[in-house]
Amino acid sequence: MSMINEYLGLLTQAIEELPEDKIQDVIDILKAAHSDGRQVFLLGNGGSASTASHIACDFQKGLKECTGKRFRASAMTDNVAVMTAWANDTDYENIFPEQLDSLLESGDVVLAISGSGNSPNVIKAVERANQMGAITIGWSGFAGGKLAQVAQKSIVVNSDNMQRIEDVHMVLGHLVFACLMRQCEKAPA
């Protein structure tokens, strides 16, 4: 078997093993957040940071174009000045929780992405969000890490390969977005 076929086969398997019921829970939470005008904050490190930014863009721009109603979604990874200020002046673990302290309101949603599920700044942010009355969602891989334990809703990609985990997280983002967009297709003209 070629490396190409092996990689794609394992990626396909990881996607097929995603829990449909847990994905539907995430869709329902985000649909309610959009309907209620709640904020959605996305965060992660490295590849997960770019996934958070990408999904926030899809939610914010795509849903506005589709529904006419803004989706108050933003990635905590996109303000480099704020992140580096908190990291430099306190600790890297504070780059997300301190932003949430300034912006999060009870009932908002935090979608935290961590391939390992053990990123200290992500865990600390989810714990802070839980304390502040937010709805927390965690996407991880491997065995789920601590993120799967602290997030109220959790989806764990069944893989021990970071690149495939990150691939599946991006698929999850697009899947959730597509399901949210479907409401436009069903709306009467």
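Any read-out appearing in this document is the output of simple, stated calculations on the displayed coordinates, not a laboratory observation. Keep in mind the model is a prediction, meaning the values are calculated, not measured. A quick note on method: Cβ atoms are made from the backbone with ideal geometry, for glycine too, and the neighbour counts reach across all protein chains shown.
Straight-line reach from Lys153: taking Cα to Cα under 19 Å and skipping same-chain neighbours fewer than 8 places apart, the aspartates and glutamates in range are Glu17, Glu20, Asp21, Asp25, Asp28, Glu105, Asp108, Glu127, Glu166. For the listed peptides 96-104, 10-18, a ranking on the average number of other beta carbons within 10 Å per residue, highest first, reads 96-104, 10-18. Highest GNM mean-square fluctuation among Val26, Val156, Val171, for the chain modelled with Cα contacts below 10 Å: Val171.
Rounded to the nearest whole Hz, the Karplus-based 3J(HN,Hα) values (6.51 cos²θ - 1.76 cosθ + 1.60, θ = phi - 60°) of region 103-116 follow the sequence 10, 6, 10, 3, x, 5, 10, 10, 10, 9, 10, 8, x, 7, with x at glycine and proline.
For Ala129, what is the net charge nearby, where nearby means another residue's Cβ is under 11 Å from its Cβ and Lys, Arg count +1, Asp, Glu -1? Show your work: numbers first, answer last.
On the way: positive: Lys124, Arg128; negative: Asp101, Glu105, Asp108, Glu127.
Its environment carries a net charge of -2.
Taking a ≥ b ≥ c as the square roots of the eigenvalues of the alpha carbon gyration tensor, region 105-189 is oblate, as a/c is not under 1.5 and a/b does not beat b/c.
When the P(r) is computed for the chain, the part past 25 Å accounts for 33% of the Cα-Cα pairs. Summing Lys and Arg as +1 and Asp and Glu as -1 over all other residues whose Cβ lies under 14 Å from the Cβ of Gly115 gives a net charge of -1.
Ordering His54, Gly117, Pro97 by the projection of their Cα atoms onto the charge dipole of region 30-159, which places +1 on the Cβ of Lys and Arg and -1 on the Cβ of Asp and Glu, puts His54 at the extreme positive end. The stretch between Glu16 and Gln183 holds 57.7 nm of extra length on full extension. This uses 0.36 nm per residue minus the Cα-Cα distance. Checking the a/c ratio against 1.5 first, then a/b against b/c, what shape does the Cα gyration tensor give for region 1-112? Because a/c hits 1.5 or more and a/b fails to exceed b/c, region 1-112 counts as oblate.
Projected label points at Asp25 and Asp89, each 7 Å from Cα along the beta carbon direction, are separated by 3.7 nanometres.
At most 16 other C-beta atoms within 10 Å and a DSSP loop state: those are the exposed trypsin sites (Lys or Arg not before Pro) I care about. Give me the longest piece of the chain that has none. Let's see the in-between values first.
Working: sites that count: Lys69, Arg70.
Answer - 71-189.
Helices meeting the span-like rule in the chain (full DSSP H runs, Cα extent of at least 18 Å along the helix axis, mean Kyte-Doolittle score of -0.5 or higher): 3-16, 20-36, 162-186.
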